[in-house]
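Computed from the coordinates by the stated procedures, all read-outs in this text should not be read as laboratory data. Computed from a predicted structure; not experimentally measured. Note that we place each Cβ from the backbone using ideal geometry, even for glycine, and neighbour counts take in every protein chain shown.
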Amino acid sequence: MRLNNEAERLQEQRDQDHKQSRSGIMINNIAGKVVAITGASSGLGEAAARDLSAQGAIVALGARRTDRIESLASELNRNGGKALAIATDVTDAEQVKRLVDAAVEIYGRIDVMLNNAGLMPHSPLERLKLDDWNQMIDVNLKGVLHGIAAALPHMKRQQSGHFINVSSVAGHKIRAGGVIYAATKHAVRVISEGLRMEVKPYNIRTTIISPGALDTELVDRITEPDIRESVRKLVYESALPADTFARVVAFAISQPDDVDVNEIVFRPTRQEF
Ligand SMILES: NC(=O)c1ccc[n+]([C@@H]2O[C@H](COP(=O)([O-])OP(=O)(O)OC[C@H]3O[C@@H](n4cnc5c(N)ncnc54)[C@H](OP(=O)(O)O)[C@@H]3O)[C@@H](O)[C@H]2O)c1
């Protein structure tokens with residue numbers, strides 16, 4: 001692919017940063033990186049976009065609520081960052097590919113694929129909420145696969161890259177009433193660990209992030225009102241702010257290129273689950 005002027009300029013900047021880091025001058029290993037983020041319209045994705053942009057990353061924002069990602073991209077650009085917004089429904093592999101391809105087309109490469117989009121409409125299995133089950137499988141599980149499919153060919157060609165897949169403490173533990181969510185988040189960890197082993201030859205890093213309760217819109221989207229209220233009360237009273245997640249993402253990305261942080265589990269100190 002022929003690089004445009006913007007991409008060439010960014011590459012020069014990266015080469016310069018690389019030389020500086022070799023000569024001992026500290027750089028954060030985030031500035032100049034091109035990061036695609038799914039689910040960037042609220043919560044954790046939005047917080048990560050803001051934090052990474054503030055640290056000099058170029059962010060490609062994907063979500064279905066385009067008004068939100070467009071206004072976030074405008075804000076980040078106004079503040080001196082580089083951001084673009086692309087309408088992305090992660091259940092459609094073509095749309096995720098379009099998000100990643102747009103980043104590569106404009107900025108020359110993709111350094112980090114943050115597969116973050118997800119939802120958690122908990123309910124006991126006996127309520128037979130098949131639409132919720134299917135949506136969780138389509139977004140939380142297939143959405144991550146679509147992110148891998150979109151970014152992996154570029155990362156192989158570059159011989160570098162970093163997948164960050166968002167699981168959950170529910171990817172480690174099962175809770176009655178949250179079985180399908182836990183199944184999708186366990187699957188994200190299985191896929192990420194398999195990916196880690198398979199992409200070794202291409203110098204690609206993989207990180208699973210498994211958060212506990214964080215204050216976002218996740219609980220608002222639980223479709224059963226009684227479950228929504230009990231989850232809010234039992235688990236989310238001690239929820240941490242979303243920027244806690246952003247700091248964890250930045251930690252993983254900012255490690256030297258030969259350090260592959262494979263999994264981080266974190267939760268509020270008071271959270272039992
Ligand atoms: N908050 C927590 O306590 C917590 C804990 C552990 C793990 N997580 C995980 O963190 C991730 C982010 O969730 P959050 O807490 O930030 O919740 P949130 O505020 O509800 O954000 C969810 C994001 O996912 C996006 N999304 C949902 N369906 C989508 C689809 N079909 N295509 C593209 N984007 C879609 C939403 O964007 P649109 O609706 O605009 O498309 C939104 O940006 C999820 O994977 C969640 O499971 C959260």
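A compact table of results
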quantity: Angle in degrees between helix 66-78 and the longest Cα principal axis of the chain, rounded to the nearest 10; calculated: 40 degrees
quantity: Cα-based Lys proximity count in the stretch 88-227, under 14 Å, for pairs eight or more positions apart or on separate chains; calculated: 4
quantity: Mean separation of Cα contacts under 8 Å, 6 or more apart, over the residue count of the stretch 162-213: relative contact order %; calculated: 54 percent
quantity: The chain - Rg over Rh from alpha carbon coordinates, Kirkwood radius; calculated: 0.97
quantity: Radius 10 Å from Cβ of S53, net charge of other residues (Lys, Arg +1; Asp, Glu -1); calculated: 0
quantity: Interchain or long-range residues, amide H under 5 Å from I164's placed H; calculated: M113, L114, N115, T207
quantity: Under 5 Å, built H, 5+ apart or other chain: amide partners of A87; calculated: none
quantity: Charge tally in the Cβ shell below 13 Å around G178, where Lys, Arg are +1 and Asp, Glu are -1, G178 excluded; calculated: +4
quantity: Vicinal HN-Hα couplings computed from phi for the stretch 100-107 (Karplus, 6.51 cos²θ - 1.76 cosθ + 1.60; Hz; Gly/Pro x); calculated: 5, 4, 5, 4, 5, 4, 7, 10
quantity: Relative packing of peptides 47-58, 189-200 - highest average C-beta neighbours within 10 Å first; calculated: 47-58, 189-200
quantity: Under 5 Å, built H, 5+ apart or other chain: amide partners of F266; calculated: S210, G212
quantity: Cβ crowding within 10 Å averaged over residues, with 125-132, 228-235 ranked highest first; calculated: 228-235, 125-132
quantity: Mean-position separation - Cα centroids, the stretch 51-70 and the stretch 199-273, in angstrom; calculated: 18 Å
quantity: Taking the C-alpha atoms of the stretch 179-273, convex hull volume expressed per residue in Å³; calculated: 108 Å³
